[in-house]
Amino acid sequence: MPLAKTFSRHVSHPRRIIFLSASAGLIFFLLFISISLTLSMKRHAASHDRLAVYTQRYLSNVFSDLQSTLEPLQAATLVSCEQVRADLTQRAAFAANIRAILLVKNDIAFCSSATGPMSLSIHQISPFTDASQSRDIRLIAGTPMVRKQPALVLWLANNSRADSGIFTTLNIDLTPYLLLTSRQQEISGMAIAAGGQALTTWNERVIDRSALPDHPLRTVAVPGYPLTLYLYGDSMPQREIHLILLSGLLIGVVIGCACYLLLMLRLRPGKEILLGIKRGEFHVEYQPVVDAQTGQPYGVEALMRWTHPTEGRIPPDAFISYAEGQNLIVPLTRHLFSLIARDAHQLRDTLPVGTRLGVNLSPLHLSHPTFRHDVNRWLAAMPEGHFVPIFEITERAMMSGKEADDNFEWMRQQQIRIAIDDFGTGHSALIYLEKFQFDYLKIDRGFVQSIGMETVNTPVLDTVLALAKKLNLNTVAEGVETAEQALWLINRGVTHMQGYLFSRPCKVPLLVAYYQNAARPAGAACATADGNC
Ligand code: C2E
Ligand code: CA
Ligand code: CA
């Protein structure tokens, strides 16, 4: 993956992390509520089914008990009321819910358990009772004696004699059924329907069956009797739905936050740099700087390298500015210091005393509160008095304010030399020549590469070198690649040179070899294309 992409990927992490965490939270929320709602609905449906079965069983028992109480009375329809009245009254009294038992002959009720002999057409009591059926059940608004209380009328025909039978009025009370369902809060009402009439728990009067709400939760038919019971309500209690939604929301938020924390820890921008330091993915390469007059090595510039495990080698231009943007340049420079100190102990055996050691410093580190402490620690870790440190600082650092100015002064007191790096790439470079005291002027390789090409840069470089000579400044030409460039620069009084013509930046063993071969002519020692000496 190209580096620019690698880094833009990291910079966009915070938004991606928020998006990923919110998605994870949402997915968990949806998963939780869909699973919980499905399970809960299944549980409630099973419980409604059970309730329907119990109710059906209960009603069947009630009616079969009733039938066994009433059926023996069929014979009584053949005798006079006086003969059976006592038995009739007793049976009515001992059977639950019976309001009255009427004996019927030729469609006329001639004997009542409540009032004794009578003569009244059963259709006057229950207009819709169909006496031609062997069993019939109807709902009526009231009976002649209890006119305002709805009742169920049960017709049991005497199969051996037409238009005769037993006509029973039953008290009807849905309260026990409601009690049965009281544990199920989602059941809001019930209705019992017979023929075209219905009685509900929400209305005291008998209503038309067609006025019942559509879509009951469960419908319970009583086998053998034209009677239906309807259960109404929600498929699950509202409270439970709210609870599931709330729990889902809570879980979603917790999962989202946990994801956010986890991703922030794992993918935090800059984490890769800190991880890289921890895993030892950084190393330093050193590029020799030669004396322009003798061609002999004068010093080295330390250049940091990062070999990322998946991205491969990442150019320092990219990771340095990235580290600056992520406030990680200070730990990265501290790491650079420790790597240089470790290498220096190896290099001291070959590199002569007084070798200049250039280290690139970020302006951000220069104005950082720990700067002096970090530098002191580094100096203490270096082989004593062997190398002469040069801090390479760009013009940008010279505009960084009072703290940076004070640090310039302090560095000089610590015997640290200062080089202006990339001279000429800023806008007001010449101003700094007067304002600051420094030891080296590093001419940017852009200028050097324009030598011989007659661009506008060449006369500028000419002037800068003339001025530097006049001010008696050390100048280091960067990026010298050809002998022609080197000659041109030497003729204009450049004091030091650095570039592929002499050596590419290289690791410690090859730098050692370079120094060991330093007596050879310039360019022969170390200039391979793969970046190693
Ligand atoms: P720089 O300080 O100007 O470093 C010199 C750059 O020029 C190096 O690139 C070096 O490899 C390259 N170079 C040297 N000779 C030649 C040549 O003959 N031809 C060409 N085309 N290039 C040559 P590098 O190592 O890629 O570093 C790029 C920049 O990254 C450096 O520019 C410096 O600004 C920064 N950098 C590198 N290491 C560090 C470090 O440890 N700390 C800080 N703060 N910045 C660093
Ligand atoms: Ca430099
Ligand atoms: Ca430079």
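The values are calculated or read from the model by the stated rules, or taken from the named source; none is laboratory data. Since the structure is predicted, the reported quantities are computational estimates derived from the model, not experimental observations. Heads up, the Cβs are rebuilt from the backbone with ideal geometry, glycines too, and the neighbour counts pull from every protein chain shown. SASA here: full protein model, heavy atoms, side chains in, ligands and nucleic acids out. Shrake-Rupley method; radii C 1.70, N 1.55, O 1.52, S 1.80 Å.
Numerical summary
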{"read-out": "Hull shadow area, averaged, the stretch 200-300 [alpha-carbon convex hull, nm²]", "value": "16.2"}
{"read-out": "Accessible surface of Val146 - all protein chains present, 1.4 Å probe, nearest 10 Å²", "value": "60"}
{"read-out": "Full-stretch length increase - Ser68, Ala258 - with 0.36 nm per residue and alpha-carbon distance subtracted", "value": "61.5 nm"}
{"read-out": "Cα shape, the stretch 1-144, gyration tensor, a/c 1.5 rule", "value": "prolate"}
{"read-out": "Distant-in-sequence amide H partners of Leu357 (H built 1.01 Å from N, under 5 Å)", "value": "Val300, Val388, Ile390"}
{"read-out": "Gln414/Glu484 FRET efficiency (R0 51 Å; Cβ-Cβ; nearest 0.05)", "value": "0.80"}
{"read-out": "More than 14 Å apart - percent of Cα-Cα pairs taken over the stretch 333-418", "value": "63"}
{"read-out": "Accessible-area ranking of Cys81, Cys257, largest first, probe 1.4 Å", "value": "Cys257, Cys81"}
{"read-out": "Rounded to the nearest 20 debye, dipole of the stretch 282-516 from Cβ charges on Lys, Arg, Asp, Glu", "value": "400"}
{"read-out": "Span-rule helices in the chain, defined as complete DSSP H runs reaching 24 Å or more along the axis (Cα) with Kyte mean at least -1.0", "value": "13-70, 238-267, 329-347"}
{"read-out": "Cα lying deepest toward the dipole's positive end in the chain, options Ala381, Ile244, Asn517, charges on Cβ", "value": "Ile244"}
{"read-out": "Gyration tensor verdict on the stretch 86-181 (Cα atoms; rounded if a/c is under 1.5, prolate if a/b is larger than b/c, oblate otherwise)", "value": "prolate"}
{"read-out": "Protection-proxy order for peptides 88-95, 152-159, each taking the mean of Cβ atoms within 10 Å per residue, highest first", "value": "152-159, 88-95"}
{"read-out": "Over the chain, relative contact order from alpha-carbon pairs under 8 Å, at least 6 apart, %", "value": "11"}
{"read-out": "Charge dipole (debye, nearest 20) of the chain; +1 at Cβ of Lys and Arg, -1 at Cβ of Asp and Glu", "value": "1260"}
{"read-out": "Approximate shape of the chain as ellipsoid semi-axes (Cα gyration tensor, √5λ), whole Å, largest first", "value": "112, 19, 18"}
{"read-out": "Rounded accessible area of Arg342 (nearest 10 Å², 1.4 Å probe)", "value": "150"}
{"read-out": "Computed [θ] at 222 nm, deg cm²/dmol, the chain (DSSP H ≥ 4; -39,500 (n - 2.57); rounded to nearest 500)", "value": "-13500 deg cm²/dmol"}
{"read-out": "Kirkwood-based Rg to Rh ratio, the stretch 282-516, C-alpha trace", "value": "0.94"}
{"read-out": "Farthest positive-ward along the chain dipole, Cα basis, beta-carbon charges - from Leu471, Gly196, Ser60", "value": "Ser60"}
{"read-out": "Accessible surface, 1.4 Å probe, highest first, among residues His48, His368, His283, His242", "value": "His242, His368, His283, His48"}
{"read-out": "Rounded, prolate or oblate (a/c below 1.5 giving rounded, otherwise prolate when a/b exceeds b/c) for the stretch 442-486 by Cα gyration tensor", "value": "oblate"}
